[in-house]
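Student: Have a look at this one before I ask anything.
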Amino acid sequence: MRTEIKTLQKIFWSSIPTNQIDVIILFGATRSDWSDIVKKIHGLDYKFLLITGKWSAWNKEKNIISQAEFIWQQCINQSIPMKKIILEKKSMNTLENVIFSFDLLRKKKISPKSICFVSKSHHALRCLLTLKKYFWDITYSCLTYDMEKETLTVKRTDWMKYGLTYDIVKKEYDKIFRYVSRGDIESPAGLIK
């Protein structure tokens, strides 16, 4: 099992695209500081930045703004042009992130040929498999970041050393196969040897 998870994670642990990107899709997540991610986005050549996400533990309890709006504020504070930003504020999970983003782009008559998605490192494969279910004939790239949980960080180099970080990655691994069986995402067949 650990070997399979390592194989999956190796595929997407932080790659920065160098070519022109039609749309960057930023999957919202609970994170208080997005400045390092926004700096990386600033350096990319892209047409649109679609920020997606409503729910998170911190905004559900406090009844504050959506993840997308919170990230949007940090993008604006770091001079990302407002005309490039599209907000999707209704989605409550990865599948809805993709479905609602797909609908929003279609309504705006944006037909991307290339998508760069931004997500937590250990979540990147599920994001890709979900995107592939709805966006066909697209060139994909990803920009990932490590997730901090309590006093640990889910990193490529040592996620398997600690019970908490191992459990986070294992849950993600299990979700992939559960969602494939439901038909929500594409299969990772061929990625695991």
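The values are calculated or read from the model by the stated rules, or taken from the named source; none is laboratory data. Because the structure is a prediction, the values reported are computed rather than measured. Neighbour counts run over all protein chains shown; Cβ positions are idealised from the backbone, glycine included. Side chains are part of the model used for accessible areas, which takes the heavy atoms of the whole protein and leaves out ligands, DNA and RNA. Shrake-Rupley method; radii C 1.70, N 1.55, O 1.52, S 1.80 Å.
Student: Over the Cα atoms of segment 41-157, what is the Rg over Rh ratio if Rh follows Kirkwood?
Tutor: 0.95
Student: Follow-up. How large is the accessible surface of Lys155 in square angstrom, using a 1.4 angstrom probe and rounding to the nearest 10?
Tutor: Accessible area, nearest 10 Å²: 80 Å².
Student: Where in segment 112-157 are there chymotrypsin sites (Phe, Trp or Tyr not before Pro) that are in a DSSP coil and have at most 13 other Cβ atoms within 10 angstrom of their Cβ?
Tutor: Qualifying residues, ordered by number: Trp136.
Student: If you don't mind, there's one more thing I want to ask. So, for segment 86-173, what is the accessible surface per residue at a probe of 1.4 Å, expressed in square angstrom?
Tutor: About 50 Å² of surface per residue is accessible.
Student: Please identify every one of the GluC sites (Glu not before Pro) in segment 93-178 that sits in a loop by DSSP and has no more than 11 other beta carbons within 10 Å of its own beta carbon.
Tutor: Within segment 93-178, the qualifying GluC sites (Glu not before Pro) (loop, at most 11 other Cβ atoms within 10 Å) are Glu150.
Student: Where nothing but the Cβ of Lys and Arg (+1) and of Asp and Glu (-1) is charged, how large is the charge dipole of segment 53-193 around its Cα centre, in debye to the nearest 20?
Tutor: 400
Student: Of the heavy-atom accessible surface of segment 28-139 (probe 1.4 angstrom), what whole percent is carbon and sulfur?
Tutor: Looking at segment 28-139 in its full context, I get 52 percent from C and S.
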